[in-house]
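S.K.: Can you read through this structure? Questions will come right after.
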Amino acid sequence: MTWTRKRCVKRTARTSKLQQKVPFPAAAAALQLRGLLSHHFKLSQSMFRPALIFALACGAGAVAIDVKRAPRTVMEPDVQVFEAPRWARGERVSGDEPVALTFFLKHCPFQMAKFHADLEDRANPASPNYAQWLSVEQVKAKLKPSAEALEAVKNFVESMGGVPAVDKFESVVSTTVPSAKVEEHLATVLHHHGHTERNAQVIRAVKAYSLPTEVAKHVSVAVWKSTSELGT
């Protein structure tokens, strides 16, 4: 089949638009795939778009989650909105105020039970394992969440514009982002709360929070503080 210049230009334009929606390395890999398949299997132009989409779906794992459309899971459904004696709700947190946000990843219950039993054994003076404490690497080997879980939470933090910091046990991910990003990505509302008897301020949610289901399945709990609360 002979392609006219006009038809080639149209298809090139459509391909370029599709490439703009995905990370460049993934798009480049897909184009290399096209060349390879075209050479060996005479891949037609009409077949290229599905092949490109397939390659990008396999290689573009870092594409940000659409937090407004993704299915969500309410976190800590048994926890009521923050309300405590001697704490009074104040103004809503301004959108540009920095908030320290921490995600605690889930651990396998079976592994946790085994780990707890092992610790009790090492703390028992009658045990031959008494006081033979584990190193950080040994604890990680027993308990650390999967690489998939860690990557999902790190990608979510990056989608908020944050820089993920991972603790030495690779089970806690922290960042600092503007309050507006926390409210948007966790679907909640943050307010200042002041203590009525002493000079203390905290940031707490006034409605339940949620996470995209693909992130929530890896997270046990999320915690946020104003940067002034850190270390208190």
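The values are calculated or read from the model by the stated rules, or taken from the named source; none is laboratory data. Quick caveat, the model's predicted, so the values are computed rather than measured. No Cβ is skipped: glycine too gets one built from the backbone with ideal geometry, and neighbour counts run over all protein chains shown.
S.K.: When residue 149 is evaluated against the numbered criteria (1) part of a helix (DSSP H, G or I); (2) out of contact with any His (no Cβ under 9 Å at 6 or more places or on another chain), which criterion, by number, is the only one it fails?
M.R.: Of the numbered conditions (1) part of a helix (DSSP H, G or I); (2) out of contact with any His (no Cβ under 9 Å at 6 or more places or on another chain), the odd one out for residue 149 is (2).
S.K.: So, one more: Of these, 142, 207, 225, 154, which one is among the charged types (D, E, K, R), at pLDDT below 95 and assigned to a helix (DSSP H, G or I)? Outline the logic, then answer.
M.R.: Details: 207 fails: assigned to a helix (DSSP H, G or I); 225 fails: assigned to a helix (DSSP H, G or I); 154 fails: at pLDDT below 95.
Of 142, 207, 225, 154, the one residue that is among the charged types (D, E, K, R), at pLDDT below 95 and assigned to a helix (DSSP H, G or I) is 142.
S.K.: Taking the condition touching a residue at least 60 places away in the same chain (Cβ under 8 Å), closer than 30 Å to residue 194 by Cα and surrounded by 15 or more Cβ atoms within 10 Å (Cβ to Cβ), does residue 94 pass? Steps first, please.
M.R.: Numbers: touching a residue at least 60 places away in the same chain (Cβ under 8 Å): yes; closer than 30 Å to residue 194 by Cα: yes; surrounded by 15 or more Cβ atoms within 10 Å (Cβ to Cβ): no.
Judged against the criteria, residue 94 is not a match.
S.K.: What about residue 163, is it within 18 Å of the chain's Cα centre (by Cα) and over 12 Å from residue 103 (Cβ atoms)? So that I can check it myself, show each step before the final result.
M.R.: On the way: within 18 Å of the chain's Cα centre (by Cα): yes; over 12 Å from residue 103 (Cβ atoms): yes.
Taking the combined requirement at face value, the residue satisfies it.
S.K.: Moving on. Could you list, in sequence order, the residues of segment 108-124 that are assigned to a loop (DSSP other than H, G, I, E, B), modelled with pLDDT of 95 or more and of a type outside the set (A, V, I, L, M)?
M.R.: If we filter segment 108-124 for residues that are assigned to a loop (DSSP other than H, G, I, E, B), which is where we start, we get 108, 123-124.
Those left that are additionally modelled with pLDDT of 95 or more: 123-124.
The answer is 124, and nothing else.
S.K.: Limited to segment 176-195, what total is found for residues that are touching a Phe, Trp or Tyr at 6+ places or on another chain (Cβ under 7 Å), in a loop (DSSP other than H, G, I, E, B) and among the β-branched types (Val, Ile, Thr)?
M.R.: 1
S.K.: Only one of 139, 173 is closer than 23 Å to residue 99 by Cα and either assigned by TED's automatic domain parsing to the domain that holds residue 225 or of a type in the set (Val, Ile, Thr) (or both). Can you tell me which? Before you say what the answer is, go through the steps one by one.
M.R.: Numbers: 139 fails: closer than 23 Å to residue 99 by Cα.
The unique qualifying residue is 173.
S.K.: Please go through segment 115-153 and give me each residue that is more than 24 Å from the chain's Cα centre (by Cα) and touching a residue at least 24 places away in the same chain (Cβ under 8 Å), ordered by number. Explain how you work it out, then say what you get.
M.R.: Kept after step one, since they are more than 24 Å from the chain's Cα centre (by Cα), are these residues of segment 115-153: 115-135, 138.
Hits for segment 115-153 are 115, 118.
S.K.: Has segment 117-124 got any residue that is in contact with a Ser or Thr (Cβ under 6 Å, 6 or more places away or on another chain) and surrounded by fewer than 18 Cβ atoms within 10 Å (Cβ to Cβ)? Spell out the reasoning first.
M.R.: Filtering segment 117-124 down to residues in contact with a Ser or Thr (Cβ under 6 Å, 6 or more places away or on another chain) leaves 121.
Keeping just the survivors that are surrounded by fewer than 18 Cβ atoms within 10 Å (Cβ to Cβ) gives 121.
Scanning segment 117-124, I find at least one residue that is in contact with a Ser or Thr (Cβ under 6 Å, 6 or more places away or on another chain) and surrounded by fewer than 18 Cβ atoms within 10 Å (Cβ to Cβ), so the answer is yes.
S.K.: Still on this structure, please answer the following. With 159, 135 as the choices, which residue is of a type in the set (Ser, Thr, Tyr) and more than 19 Å from residue 183 (Cβ to Cβ)? Show your work before the answer.
M.R.: Working: 159 fails: more than 19 Å from residue 183 (Cβ to Cβ).
The match here is 135.
S.K.: Here's something else I'd like to know. Go through segment 74-107 and count every residue that is part of a strand (DSSP E or B), at pLDDT 95 or above and among the aliphatic types (A, V, I, L, M).
M.R.: Going through segment 74-107 one residue at a time, the tally reaches 5.
S.K.: Another question, then. May I ask you to say which residue of 207, 217 is under 21 Å from residue 157 (Cβ atoms), of a type outside the set (A, V, I, L, M, F, W, C) and out of contact with any helix residue (DSSP H, G or I) (no Cβ under 7 Å at 6 or more places or on another chain)? Walk me through it before giving the result.
M.R.: On the way: 207 fails: under 21 Å from residue 157 (Cβ atoms).
When all the criteria are applied, what remains is 217.
S.K.: Could you go through segment 72-81 and let me know if any residue there is aliphatic (A, V, I, L, M), surrounded by 15 or more Cβ atoms within 10 Å (Cβ to Cβ) and either outside the structural domain of residue 190 (by TED's automatic domain parsing) or farther than 19 Å from residue 170 by Cβ (or both). Don't jump to the end; show me each part of the working.
M.R.: Taking segment 72-81 first, the residues aliphatic (A, V, I, L, M) are 74-75, 79, 81.
Applying the additional criterion that residues be surrounded by 15 or more Cβ atoms within 10 Å (Cβ to Cβ) yields 75.
With either outside the structural domain of residue 190 (by TED's automatic domain parsing) or farther than 19 Å from residue 170 by Cβ (or both) added as a condition, the list becomes 75.
Yes, some residue in segment 72-81 is aliphatic (A, V, I, L, M), surrounded by 15 or more Cβ atoms within 10 Å (Cβ to Cβ) and either outside the structural domain of residue 190 (by TED's automatic domain parsing) or farther than 19 Å from residue 170 by Cβ (or both).
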